[in-house]
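The values are calculated or read from the model by the stated rules, or taken from the named source; none is laboratory data. Here the structure is a predicted model, which is why all the values come from computation and not from measurement. Every residue, glycine as well, gets a Cβ built from its backbone with ideal geometry; the counts of neighbours run over all protein chains shown.
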Amino acid sequence: MEERMTKSAFFKVVVAVCLAAVFAMPVQAADKVKVAITTFGWSYVPILTAAQLGLYEKEGLDVEIINTGGGAKAAAALAGGSVDIFGTDAGFILKARERGADMKLFGASMTEYATNLVISKAWAEKAGVSDKSSYEQKLQALKGVTIGVLSRGSGHEQLVRFLAREAKIDADKEMTITAMGTSDATLAAFMQGRIDAFVHSAPIGERAVKDYDGFMLFNMSKGEVKPLKGFLYTAYVSREEWLKSNPDVAVRFLRAQQRALNVLHDPEQTIKARDAVHAAYFSKLDPALWTYVWDNSIGAFPATVEVNAGQMKQAADLVNAFQPEPLPSAVVDASWTDDFAKQAAGLREMQ
């Protein structure tokens with residue numbers, strides 16, 4: 001009996017020691033990832049959704065979202081290594097690679113050129129356009145317009161000049177392009193009649209339509225400008241060195257984005273995402289307007305984080321339209337990879 005008790009006690013001691021060792025083991029820390037954005041705006045809804053719904057944690061990531069307040073600052077932060085990922089447009093990476101930057105696009109976030117163009121109702125009446133007007137008729141409404149963009153040389157101005165070319169209008173002689181600086185300044189100038197039109201991502205255009213007698217000339221989120229339909233507007237870019245050193249982290253980051261896209265396109269889950277993002281980042285915006293923006297523009301986000309050659313060619317064509325020498329094909333080919341996104345896209349049916 002004493003021998004049995006001894007063996008039993010010994011067994012209990014062994015079990016206790018093993019359990020103590022297990023509980024004493026340090027919990028593996030989540031991998032830290034710093035992501036640069038230029039504003040807490042519509043273009044970054046998947047990134048923000050993943051943050052609010054705990055999707056990064058599901059992938060073992062500790063993601064810090066850094067609002068740099070501008071593309072130049074975000075690009076400098078990425079190049080300098082103070083951030084790991086930058087959410088930006090495909091044109092950025094193409095121009096960066098042409099300059100020799102060690103960067104690569106590795107996933108898709110938004111696949112419509114979601115910078116909407118709004119004109120005043122007064123200008124719409126003067127130009128004779130309405131919801132029923134054709135694409136060509138709406139283009140002609142740009143002749144003589146004074147239009148606001150956030151900054152000169154920006155993607156906003158590029159869109160205006162692209163549409164001017166579509167309309168066969170000389171952007172430098174037959175319209176006035178004005179840099180506004182901020183969305184607040186844009187809305188103020190529009191309300192006061194100092195500009196007839198402006199381009200901006202949601203929800204600024206929708207707000208102008210609702211509150212300031214605006215008319216949505218082109219809803220880019222719905223692909224109303226056919227040559228830009230399906231445009232890779234926002235993508236994930238990193239340094240090649242970081243991608244090579246952290247391939248698993250890159251895939252897990254994209255898996256979190258894929259989970260977010262799944263939620264955005266799920267009829268039930270999207271409501272949870274809409275309300276969470278509104279509460280965290282857009283609480284000053286009227287809830288009814290936010291719901292309208294969400295329902296009206298959610299289609300700008302793709303079903304998958306995957307990238308393809310057609311999207312990169314479309315982006316390169318737009319860049320080439322505004323520079324004297326076309327991008328070398330080798331630059332375009334080297335600027336992107338779908339290797340990480342293919343692995344992450346396996347979660348398309350998961351939340």
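To keep it simple, each residue is scored yes or no on (1) of a type in the set (A, V, I, L, M, F, W, C); (2) touching a residue at least 40 places away in the same chain (Cβ under 8 Å).
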residue: 33; (1), (2): yes, yes
residue: 38; (1), (2): no, yes
residue: 53; (1), (2): yes, yes
residue: 91; (1), (2): no, yes
residue: 94; (1), (2): yes, yes
residue: 123; (1), (2): yes, yes
residue: 134; (1), (2): no, no
residue: 143; (1), (2): no, no
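Find all pairs meeting these conditions: Cβ atoms under 9 angstrom apart; at least six residues apart or on different chains; first residue within region 211-223 and assigned by TED's automatic domain parsing to the domain that holds residue 192; second residue surrounded by fewer than 16 Cβ atoms within 10 Å (Cβ to Cβ) and among the polar types (S, T, N, Q).
Going by the 9 Å Cβ cut-off, the qualifying pairs are 215/130.
Tell me, which residue of region 55-76 that is part of a helix (DSSP H, G or I) and either touching a residue at least 60 places away in the same chain (Cβ under 8 Å) or not charged (D, E, K, R) (or both) is nearest to residue 96 (Cα to Cα)?
Ranking the qualifying residues of region 55-76, first place goes to 75.
Under the condition of being part of a loop (DSSP other than H, G, I, E, B) and among the charged types (D, E, K, R), which residue from region 205-226 is surrounded by the fewest Cβ atoms within 10 Å (Cβ to Cβ)?
Initially, region 205-226 is screened for residues part of a loop (DSSP other than H, G, I, E, B), giving 212-213, 219, 223-225.
Adding the requirement that they be among the charged types (D, E, K, R) leaves 213, 224.
Working: 213: 14, 224: 18.
For region 205-226, the residue satisfying everything is 213.
For region 227-252, which residues satisfy the criterion of being of a type in the set (S, T, N, Q) and crowded, with 20+ Cβ neighbours inside 10 Å?
234, 238
I'd like to check something: does region 86-96 contain any residue that is surrounded by fewer than 18 Cβ atoms within 10 Å (Cβ to Cβ), part of a loop (DSSP other than H, G, I, E, B), modelled with pLDDT under 95 and assigned by TED's automatic domain parsing to the domain that holds residue 339?
no
When you check residue 241 against the structure, is it of a type in the set (Asp, Glu), touching a residue at least 12 places away in the same chain (Cβ under 8 Å) and not in a helix (DSSP H, G or I), yes or no?
no
Given the conditions (1) at pLDDT 95 or above; (2) in a loop (DSSP other than H, G, I, E, B), report the number of the one that residue 285 does not fulfil.
Evaluating residue 285 over (1) at pLDDT 95 or above; (2) in a loop (DSSP other than H, G, I, E, B) leaves (1) as the failure.
Here are some residues: 171, 188. Which one is aliphatic (A, V, I, L, M), modelled with pLDDT of 90 or more and surrounded by fewer than 16 Cβ atoms within 10 Å (Cβ to Cβ)?
188 is the lone residue from the list that is aliphatic (A, V, I, L, M), modelled with pLDDT of 90 or more and surrounded by fewer than 16 Cβ atoms within 10 Å (Cβ to Cβ).
Taking the condition among the charged types (D, E, K, R), touching a residue at least 60 places away in the same chain (Cβ under 8 Å) and surrounded by 15 or more Cβ atoms within 10 Å (Cβ to Cβ), does residue 255 pass?
Against the criterion (among the charged types (D, E, K, R), touching a residue at least 60 places away in the same chain (Cβ under 8 Å) and surrounded by 15 or more Cβ atoms within 10 Å (Cβ to Cβ)), residue 255 qualifies.
Would you say residue 180 is within 17 Å of residue 129 (Cβ to Cβ) and either outside the structural domain of residue 294 (by TED's automatic domain parsing) or charged (D, E, K, R) (or both)?
The answer is no for residue 180.
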